[in-house]
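Reading through the structure tokens given below for one structure.
The values are calculated or read from the model by the stated rules, or taken from the named source; none is laboratory data. A quick note: this is a predicted structure, and the numbers were derived from the prediction, not measured. Here the Cβ is made from the backbone with ideal geometry for all residues, glycine too, and neighbour counts use every protein chain on show. In case anyone asks, the SASA skips ligands and DNA or RNA and just uses the protein heavy atoms, side chains included. Shrake-Rupley method; radii C 1.70, N 1.55, O 1.52, S 1.80 Å.
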Amino acid sequence: RSRQAGSECIMCPMADKKIIAVTGATGAQGGGLVRAILDDAAGGFTARAITRDVNSEKARALARAGAEVVAADLDDPESLKRAFAGAYGAYCVTFFWDHFSPEKELVQAAEMAQAAKRAGLEHVIWSTLEDTRQWVPLSDNRMPTLVGKYKVPHFDAKGEANHFFADLGLPVTLLLTSFYWDNFIYFGMGPKKGADGRLALTLPMGDKKLPGIAAEDIGRCAYGIFQKRTQFVGKTVGIAGEHLTGAEMAAAFGRVLETEVGYHAVPFDVYRGFGFPGADDLGNMFQFNHDFNEVFCAARSVPGSRALNGRLQTFEQWLGRQGAARLLPE
């Protein structure tokens, strides 16, 4: 293990603070939570940033900011147990897009739940999503079955894993996240120029609303849940910054970029056929969001999210903070 120098000094002010162990600390969700904890100097918590590579630039930046940085790997149960030891709470998250394996996510979630139980944690947040098979069984051919037994693999395994935390009687909050607006930058989903030279946002959402959120705000909302533990243990909490249609998002892009941005509502099958890694999974995800839009949106309260995180950003506020060079890297 690697720890920030001096992090265990009994004379330092952090000694009486409750430790929140954060998996995926150099990622979008975990990093946002670590920074939210560190930003609240007067709060009762301190952050233990768990990462595979304590020497990465992101890990070093968290250490410089005041986090205790600890090496652990979700595929190494013993390292997880050591990383959770002595903590008050833990934020548990998996990253499907690192390996594209729902089976691996299930194993990792089970190991995190076991490590949390062994450490006697007082509060665990599990970053999860719906198991879409509860609405679209494998026999339902409206969307293809993927990887043998999933409809939306990166949703279904997380939802299926919820029971690992419940079965152990852990004091858990299930956190339903939303579409990251950051995907428009890092996943290449932003507006593109068509053959006519005009910009358009392409999503298979028809005229339905897509709950979305800035990844940084997921961490801030999670911190709000840790702060209000008694209200949220044993509960499922859904978060979003806004619920917007594709046309509304395209219009926001247009205002920020000061140019017209159209909206291209492609069919689900067309999107699934785009051929990039995970296109079929994401095509099914968008179809689930579309076909069960009322249920999906209702599970993600914007006012509830703002009550957890007073700095919650709207989509247009988030866009304005990115700059045209990031939104249109071409």
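General observations
- When shorter helices are ignored and each DSSP H run of at least 4 residues is given -39500 (n - 2.57), the per-residue value for the chain at 222 nm works out to -12000 deg cm²/dmol.
- Average Cα contact separation per residue, region 230-308, under 8 Å, 6 or more apart, as relative contact order %: 42
- The largest-to-smallest principal axis extents of the Cα set in the chain are 65, 46, 35 Å.
- Sorting Thr46, Thr26 by accessible area puts them as Thr26, Thr46; the probe is 1.4 Å, largest comes first, and only protein heavy atoms count.
- Of Phe274, Phe155, Phe292, the residue with the greatest mean-square motion in the GNM of the chain, using alpha carbon springs below 10 Å, is Phe274.
- Put a dot 7 Å past the Cα of Tyr186, heading toward its Cβ, do the same for Ala279, and the two dots end up 2.3 nm apart.
- Value of relative contact order over the chain, rounded to a whole percent, pairs C-alpha under 8 Å and six or more apart: 16
- Per-residue HN-Hα couplings for region 259-271 [Karplus 6.51, -1.76, 1.60; θ = phi - 60°; Hz; x = Gly/Pro]: 7, 6, 10, x, 10, 10, 8, 6, x, 4, 4, 5, 5
- Within a Gaussian network of the chain (alpha carbon springs, distance under 10 Å), most fluctuating of Val266, Val54, Val22: Val266
- In this simple spin-label model, placing a label point 7 Å from the Cα along the Cα-to-Cβ direction at both Ala166 and Thr314 gives a separation of 3.7 nm.
- Around Glu122: net Lys/Arg minus Asp/Glu count, Cβ-Cβ under 13 Å: +3
- Two-site FRET efficiency, Lys58 against Asn141, from Cβ-Cβ distance with R₀ of 51 Å, rounded to 0.05: 0.75
- Net charge, Thr245 excluded, C-beta distance under 9 Å - Lys, Arg +1, Asp, Glu -1: 0
- Percent of beta bridges antiparallel (DSSP, the chain, rounded to nearest 5): 20
- For Ala90, net neighbour charge (Lys/Arg +1, Asp/Glu -1) across residues whose Cβ lies under 14 Å away: +4
- Length gained when the stretch Asp16-His99 is fully extended (0.36 nm per residue, less Cα-Cα span): 26.1 nm
- What a 1.4 Å probe finds exposed on the chain is 52% carbon and sulfur by accessible area, rounded to a whole percent.
- Cα-based Lys pair tally, region 177-293, threshold under 28 Å, eight or more apart or on separate chains: 6
- Here region 245-282 and region 76-94 have alpha carbon centers that stand 38 Å from each other.
- Taking label positions 7 Å along the Cα-Cβ direction at both Thr230 and Ala195, the computed distance is 6.5 nm, reported to one decimal.
- Here's the picture: charge each Lys and Arg Cβ at +1 and each Asp and Glu Cβ at -1 in the chain, and of Trp97, Gly224, Trp135 the one pushed furthest to the positive end of that dipole is Gly224.
- Under 23 Å from Lys104, Cα to Cα: lysines that are on another chain or at least 8 residues apart: Lys81, Lys117, Lys149, Lys151, Lys158
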